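Below is one structure, written out as structure tokens; comments come after it.
The values are calculated or read from the model by the stated rules, or taken from the named source; none is laboratory data. Quantities reported herein were computed from a predicted structural model and do not represent experimental measurements. Because the Cβ atoms are built from the backbone with ideal geometry, glycine has one as well, and the counts that use them run over all protein chains shown. Keep in mind that these areas ignore ligands, DNA and RNA; they rest on the heavy atoms of the full protein, side chains included. Shrake-Rupley method; radii C 1.70, N 1.55, O 1.52, S 1.80 Å.
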Amino acid sequence: ALNKLEPNVPVNVSELRELGIAYWKMDADTFSYPVKSVPWDPSEAADPRLMNIRDHRGYSYADIITVHPDHLPGYADKVKSFFEEHIHDAEEIRYIISGSGFFDLRSKDDKWIRVHVKKGDLMTLPEGIYHRFTVDEADMIHAMRLFVGQPIWTPFNRPCEEHASRKKFVEEFLEEKKEE
């Protein structure tokens, strides 16, 4: 089951930008990456566009994983934990090298927005946004995770309204800006 709204409710790019989502379409066919590399040195990137994004945004650490029963130990438990609604205390960056999956994000009115990420998509989620992830019916995604500095990969499951990262997200993206 795709676990999607019926009927589908499309969301436009400006709505995603208003939530702090950034997106680039990358060339995932020309450059090759290992199935798994934890860590992977992002300075080894051969793709000039990826190098530019890396340098501009300050990404200094990366890893590459494949979410598939043959490549991820404890696959069922991992996929279940990814689907638990949570936030992170840092920006989440995913470059989809191959395969596909779904990021579910909370809209400004706390409804789910489903983003189908596919080969070549590079997407960032801002610190503090409620989200979850799952593979799609293909049951495989090969992704690069990029970080500023050493990752401390801790999900904070909902509810966590008092968490500093959630407060930062609410202030930056959800609260109405007052005219001065």
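Selection of the stretch 44-60 for residues being closer than 22 Å to Leu125 by Cα, assigned to a helix (DSSP H, G or I) and out of contact with any helix residue (DSSP H, G or I) (no Cβ under 7 Å at 6 or more places or on another chain) yields Arg49, Leu50, Met51, Asn52, Ile53, Asp55, His56, Arg57.
Among residues of the stretch 109-125 that are closer than 13 Å to Ile96 by Cα, those with a Cβ under 6 angstrom from a residue that is open to solvent by 70 Å² or more (accessible area, probe 1.4 Å), sequence gap 6+ or separate chain, pair up as Gly120/Lys25; Met123/Tyr23. None of Asp109, Asp70, Asp27 is among the acidic types (Asp, Glu), over 30 Å from Glu171 (Cα atoms) and surrounded by fewer than 11 Cβ atoms within 10 Å (Cβ to Cβ) except Asp70. Summed over the stretch 39-50, the residues that are of a type outside the set (Lys, Arg) and either surrounded by 15 or more Cβ atoms within 10 Å (Cβ to Cβ) or under 17 Å from Ile96 (Cβ atoms) (or both) give a count of 5. State yes or no: is Tyr33 touching a His at 6+ places or on another chain (Cβ under 9 Å), assigned to a loop (DSSP other than H, G, I, E, B) and not aliphatic (A, V, I, L, M)? Yes, satisfied.
Among the residues making up the stretch 1-30, those that are assigned to a loop (DSSP other than H, G, I, E, B) and aliphatic (A, V, I, L, M) are Ala1, Leu2, Leu5, Val9, Val11, Leu19, Ile21, Met26, Ala28.
From the list His142, His163, His131, the lone residue that is closer than 16 Å to Trp40 by Cβ and either charged (D, E, K, R) or modelled with pLDDT of 95 or more (or both) is His142. Exactly one residue out of Phe169, Phe103, Phe147, Phe173 is among the aromatic types (Phe, Trp, Tyr) and either out of contact with any strand residue (DSSP E or B) (no Cβ under 8 Å at 6 or more places or on another chain) or open to solvent by 20 Å² or more (accessible area, probe 1.4 Å) (or both), and it is Phe173.
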